[in-house]
Amino acid sequence: MDNLNFYRYENEKNLLVVNKNGKIKRLYCPFPVSDGMRKISAVTAIASGNDEKIYYKINGTYYEYSSFVILGK
């Protein structure tokens, strides 16, 4: 799978990403992410915090997006 770079928060169910070819793609929940230790999880929602950071909801808990790599086709 190709890694996708975070681009822009859209709403709780989708965001925009840039693929390795520089194309912008809309990504809908759920989508797979990796925590860098090869563990793959599904993001079921996206939120923007008061600190203006983006958070992914995984298994009912919100985590900062920068802790994960988005996996795509």
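The values are calculated or read from the model by the stated rules, or taken from the named source; none is laboratory data. Note that the structure is a prediction, hence the values are computed from the model and not measured. Cβ atoms come from the backbone with ideal geometry, glycine included; neighbour counts cover every protein chain shown. The protein model used for the area step is the full one, side chains on, heavy atoms only, and it has no ligands, DNA or RNA in it. Shrake-Rupley method; radii C 1.70, N 1.55, O 1.52, S 1.80 Å.
Annotations for the structure displayed:
- Within region 17-43, tally of residues that are open to solvent by 60 Å² or more (accessible area, probe 1.4 Å) and not in a strand (DSSP E or B): 8
- In region 44-73, the residue that is farthest from the chain's Cα centre (by Cα) out of those that are surrounded by 12 or more Cβ atoms within 10 Å (Cβ to Cβ) and part of a loop (DSSP other than H, G, I, E, B) is 53.
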